[in-house]
Amino acid sequence: MLISNLEILPNKTIIKHLGLVQGSSVRAKHVGRDIMASVKNLFGGELVGYTELLQESREEAMQRLEKQAEALGANAIINVRFSTSSIAQGAAEIYVYGTAVILE
Amino acid sequence: MYQLIFILVLLIVTYFIGTYLEKKHYISIIEREKKLNKLPAIAIKTPPSVGDFQQQLVLGSVTISVDYFKRFLAALHNFFGGRVTSYETLLDRARREALLRMKESAAEQNATLILNIKYETVSIYKGRGKSVGSVEVLAYGTAMIPE
């Protein structure tokens, strides 16, 4: 599965557009990470726990995106966009969307 | 009285530790930026010369928090208005670090160019009084890998 955030792929022709596909994931961190983060919040610097959490969550969202595209019979997803929103204290929603296409 | 002393000590300690950590981070950012200068990351959608390339989505993300002293300073700035320098450096660090991580993962895959860079910023931790505690920055783009 080719995933790209370009609208037109160089040297490749799109045979068919299959429409929008999306994937989302909401995750919250556990208390241990929360305590560590509040300590680090005092001194500043990178919050490794949060970075990892959001990365995992993004991977999951992308897996869902791919699954949806596969179900449609696509072999590529173009014009992929990410969107993150913090919906509550300590929980974040990751949303990925793109256009499923069939390439030559 | 004790509370006041505690806050003062906390401010002084976080000022020194926070400043030290920030300086260390900037040194590492500048060093890695020099190393990855050869790999251009541009915000256009079509490559300048079309060759045989493989496309691959690359991501880089980081979550950085601001220290207690700077948050205190920002609250003061909020009162008087004007530039909030303490948050400027926070976002600058986060953006540059995210771009670097994206470039590093592209360089691992032997990419020569990264197209259509997009940034996504979200403040994920809100401190007391809805002040910004930490931001997450995601940088993403399409790596062009020569075949």
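Taking the criterion of being open to solvent by less than 10 Å² (accessible area, probe 1.4 Å), over 12 Å from B:Leu138 (Cβ atoms) and of a type in the set (Ser, Thr, Tyr), the only residue of region B:54-75 that qualifies is B:Ser65.
Can you name the residue in region B:39-69 that is without any contact (Cβ under 8 Å) to a residue 60 or more places away in the chain and under 15 Å from B:Pro146 (Cα atoms) and is also nearest to the other protein chains (Cβ to nearest Cβ) among such residues?
That would be B:Val50.
Check A:Glu52 against each of (1) more than 21 Å from the chain's Cα centre (by Cα); (2) among the charged types (D, E, K, R); (3) assigned to a helix (DSSP H, G or I) and name the one condition it does not meet. Going through (1) more than 21 Å from the chain's Cα centre (by Cα); (2) among the charged types (D, E, K, R); (3) assigned to a helix (DSSP H, G or I) one by one, A:Glu52 breaks only (1). With the condition kept exactly as written, say whether any residue in region A:63-71 is at pLDDT 90 or above, away from chain B (no Cβ under 11 Å), closer than 20 Å to B:Asn116 by Cα and open to solvent by 70 Å² or more (accessible area, probe 1.4 Å). There is no residue in region A:63-71 that is at pLDDT 90 or above, away from chain B (no Cβ under 11 Å), closer than 20 Å to B:Asn116 by Cα and open to solvent by 70 Å² or more (accessible area, probe 1.4 Å).
Sub-7 Å Cβ pairs linking a first residue in region A:1-25 that is among the polar types (S, T, N, Q) and at pLDDT 90 or above to a second residue that is open to solvent by 70 Å² or more (accessible area, probe 1.4 Å) and in a strand (DSSP E or B), at least 6 apart or interchain, are A:Gln22/A:Tyr97, ordered by first then second residue.
From the list A:Glu60, A:Glu93, the one residue that fits, being surrounded by 14 or more Cβ atoms within 10 Å (Cβ to Cβ) and part of a helix (DSSP H, G or I), is A:Glu60.
Just one of the listed residues (B:Ser105, B:Ser123) is in contact (Cβ under 8 Å) with a residue 12 or more places away in the chain, within 13 Å of chain A (Cβ to nearest Cβ), under 17 Å from A:Ala37 (Cβ atoms) and among the small types (Gly, Ala, Ser), and it is B:Ser123. Would you check if there is a residue in region A:29-44 being open to solvent by 50 Å² or more (accessible area, probe 1.4 Å), of a type in the set (Phe, Trp, Tyr) and in contact (Cβ under 8 Å) with a residue 24 or more places away in the chain? Among the residues of region A:29-44, not one is open to solvent by 50 Å² or more (accessible area, probe 1.4 Å), of a type in the set (Phe, Trp, Tyr) and in contact (Cβ under 8 Å) with a residue 24 or more places away in the chain, which makes the answer no.
Does at least one position in region B:83-92 carry a residue that is open to solvent by 30 Å² or more (accessible area, probe 1.4 Å), among the acidic types (Asp, Glu) and over 30 Å from B:Phe6 (Cα atoms)?
The answer is yes; a qualifying residue exists.
The values are calculated or read from the model by the stated rules, or taken from the named source; none is laboratory data. What you see is a predicted model; the values in this text were computed from it and never measured. Please note: Cβ atoms are built from the backbone with ideal geometry, for glycine as well, and neighbour counts cover all protein chains shown. These accessible areas exclude ligands, DNA and RNA; they are computed on the full protein's heavy atoms, side chains included. Shrake-Rupley method; radii C 1.70, N 1.55, O 1.52, S 1.80 Å.
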